[in-house]
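To start, the structure itself, in structure tokens.
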Amino acid sequence: MRNVQRLSAGALALVLAGTAALAGVETYQIDTGHSSVEFKIRHLVAKTGGRFEKFTGTVEVDPDNLAATKVTAVIETGSLNTAQADRDNHLRSAEFFNVQKFPEMKFESTGYTPSGKETGTLKGKLTLLGVTKPVELVVEVLGFAPDPWGGYRGGFSAHTTINRKEFGMVWNKTLDQGGFVLGDEVEISIELETKRQKAADAAQD
């Protein structure tokens, strides 16, 4: 009887250990095929925008403790697309993103503060044109669920506004009647679908 009790206690310990191993922070890779990074800026009397087609990144998150969330992302600046070739070429030039010298912009989070069960503020550092500045993103956690192929997904929305001149992107033109062609503030909207890494994959990274 004592042996049975010992066996049961040992089995319970293994179950609890396994549960503990599954809990906590897990790494999710951005699924770029189901995600987007878009931007808007004021042009004359309206807003115009575009998107970046190539980016990578990870979200380290514990669904039960969102305060532990960490995010890193790299965006290829040359992948911008505004659906107008001449404008895209201008934006890739040294007057804007200078993609020859600075082919990437990078984001690294420094902390996450929940404001509700599914919302919060993600603080981090954005490096653009060789300049690093603090930024804050308003985040909505859309949820976590298994996918039809045996994986597990997490969804997130985020948005922020940056001043392009703070990063050295100062090109503009003065209008004859006063004012400028472009605004200084750039609105950034991010939609992420992420896929949880398997333990073996995460260990290799």
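Remarks
- Whether a residue is farther than 24 Å from E136 by Cα, in contact with a Gly (Cβ under 9 Å, 6 or more places away or on another chain) and either assigned to a strand (DSSP E or B) or among the hydrophobic types (A, V, I, L, M, F, W, C) (or both) was assessed, and V71 does not pass this test.
- Count - residues of segment 119-150 that are in a loop (DSSP other than H, G, I, E, B) and surrounded by 13 or more Cβ atoms within 10 Å (Cβ to Cβ): 1
- Pick from segment 62-80, criterion β-branched (V, I, T) and farther than 30 Å from W171 by Cα, ranking: surrounded by the fewest Cβ atoms within 10 Å (Cβ to Cβ): T69
Residue by residue, here is whether (1) of a type in the set (S, T, N, Q); (2) touching a residue at least 24 places away in the same chain (Cβ under 8 Å) holds:
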{"position": "Y112", "(1), (2)": "no, yes"}
{"position": "K123", "(1), (2)": "no, no"}
{"position": "T132", "(1), (2)": "yes, no"}
{"position": "L137", "(1), (2)": "no, yes"}
{"position": "V141", "(1), (2)": "no, yes"}
{"position": "D147", "(1), (2)": "no, yes"}
{"position": "H159", "(1), (2)": "no, yes"}
{"position": "I162", "(1), (2)": "no, yes"}
{"position": "F167", "(1), (2)": "no, yes"}
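- Restricting segment 81-98 to residues that are assigned to a loop (DSSP other than H, G, I, E, B) and touching a strand residue (DSSP E or B) at 6+ places or on another chain (Cβ under 8 Å) leaves a set whose member that is surrounded by the fewest Cβ atoms within 10 Å (Cβ to Cβ) is A83.
- Subset tally (residues that are under 14 Å from I75 (Cβ atoms) and touching a residue at least 40 places away in the same chain (Cβ under 8 Å)) for segment 100-110: 1
- In the set (1) modelled with pLDDT of 50 or more; (2) of a type in the set (A, V, I, L, M, F, W, C); (3) part of a helix (DSSP H, G or I), the condition left unmet by V37 is number (3).
Okay, residues lined up against (1) in contact with a helix residue (DSSP H, G or I) (Cβ under 7 Å, 6 or more places away or on another chain); (2) farther than 22 Å from D184 by Cα; (3) at pLDDT 95 or above:
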site: I75; (1), (2), (3): no, no, yes
site: S79; (1), (2), (3): no, no, yes
site: D86; (1), (2), (3): no, no, yes
site: N89; (1), (2), (3): no, no, yes
site: F102; (1), (2), (3): yes, no, yes
site: G120; (1), (2), (3): yes, yes, yes
site: T132; (1), (2), (3): no, no, yes
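The values are calculated or read from the model by the stated rules, or taken from the named source; none is laboratory data. These numbers come from a predicted model, not from an experiment. Here Cβ is always computed from backbone atoms with ideal geometry, including for glycine, and neighbour counts include all displayed protein chains.
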